[in-house]
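The values are calculated or read from the model by the stated rules, or taken from the named source; none is laboratory data. Computed from a predicted model, the values in this text were never measured in an experiment. Note that each Cβ is placed from the backbone with ideal geometry, even for glycine, and that neighbours are counted across all protein chains shown. Protein only, heavy atoms only, side chains kept; ligands, DNA and RNA dropped before computing areas. Shrake-Rupley method; radii C 1.70, N 1.55, O 1.52, S 1.80 Å.
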Amino acid sequence: MISYSEENMKRKGSYVLDETDDKAVKIFTDLGMPKNLAKTLLYISQVDECRSADVERGANLRQPEVSVAMQELRKRGWATKRDLKKKGKGRPVHIYKLTTPLSQIIKEIEEEKMREVNNIKESLNELKNLVEKYER
């Protein structure tokens, strides 16, 4: 697992998404998750913590794509961000960490999709009842 502190901040993360990850990304996207979010989620789930640059390299994404994905992960409560001050001047480095296990995230997605299915069923039933009068 990759972990960051001021002493080892320069250490490069070596994790890169593989074929199994690509299959998982496809399934996430088939379920409606944006591809960049799926790739970021899978990358961050396999390291202890990481910088945006690590995700960019490991998931083959551009900085703005990672930034948007990380915002979404944080908004959903699945990841956190902490700042690591660098020595001297300059902006702190953002360090990200997944806070919700993938199994729990999948459960949340499953629940969300089941609500969507139930809403579709309700709409179809309502539509059937409404159009019955046209077929008399």
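Going by the conditions given, is Tyr96 aromatic (Phe, Trp, Tyr) and in contact with a Phe, Trp or Tyr (Cβ under 8 Å, 6 or more places away or on another chain)?
no
All conditions but one from (1) within 9 Å of the chain's Cα centre (by Cα); (2) under 19 Å from Thr99 (Cβ atoms) apply to Ser67; the one that does not is (1). Of all the residues in the range 65-90, those that are open to solvent by less than 70 Å² (accessible area, probe 1.4 Å) and assigned to a helix (DSSP H, G or I) number 7.
Within the range 60-95, being at pLDDT below 95 and of a type in the set (A, V, I, L, M, F, W, C) holds for Leu84, Val93, Ile95.
Annotation: of all residues in the range 121-136 being open to solvent by 100 Å² or more (accessible area, probe 1.4 Å) and assigned to a helix (DSSP H, G or I), the one that is nearest to Gly32 (Cα to Cα) is Lys121. Taking every residue in the range 78-94 that is free of Cβ contacts under 8 Å to residues at least 12 places away in the same chain and pairing it with any residue that is part of a loop (DSSP other than H, G, I, E, B) and open to solvent by 80 Å² or more (accessible area, probe 1.4 Å), at least 6 positions away or on another chain, the pairs with Cβ-Cβ distances below 7 Å are Pro92/Lys85; Pro92/Lys86. Restricting the first member to the range 111-136 and to residues that are at negative phi, and the second to residues that are not charged (D, E, K, R), the beta-carbon pairs closer than 7 Å and six or more apart or on different chains are Lys113/Leu31.
Can you spot a residue in the range 91-101 that is over 19 Å from Ile27 (Cβ atoms) and surrounded by fewer than 12 Cβ atoms within 10 Å (Cβ to Cβ)?
Within the range 91-101, the subset over 19 Å from Ile27 (Cβ atoms) is 91-97, 99.
Next, only the ones that are surrounded by fewer than 12 Cβ atoms within 10 Å (Cβ to Cβ) stay: 91-92.
Yes, the range 91-101 contains at least one residue that is over 19 Å from Ile27 (Cβ atoms) and surrounded by fewer than 12 Cβ atoms within 10 Å (Cβ to Cβ).
Checked against (1) out of contact with any Gly (no Cβ under 6 Å at 6 or more places or on another chain); (2) part of a helix (DSSP H, G or I); (3) in contact (Cβ under 8 Å) with a residue 40 or more places away in the chain, Asp54 passes all but condition (1). When only residues in the range 19-42 that are hydroxyl-bearing (Ser, Thr, Tyr) and modelled with pLDDT of 95 or more count, which is nearest to Glu108 (Cα to Cα)? Going through the qualifying residues, I end up with Thr29.
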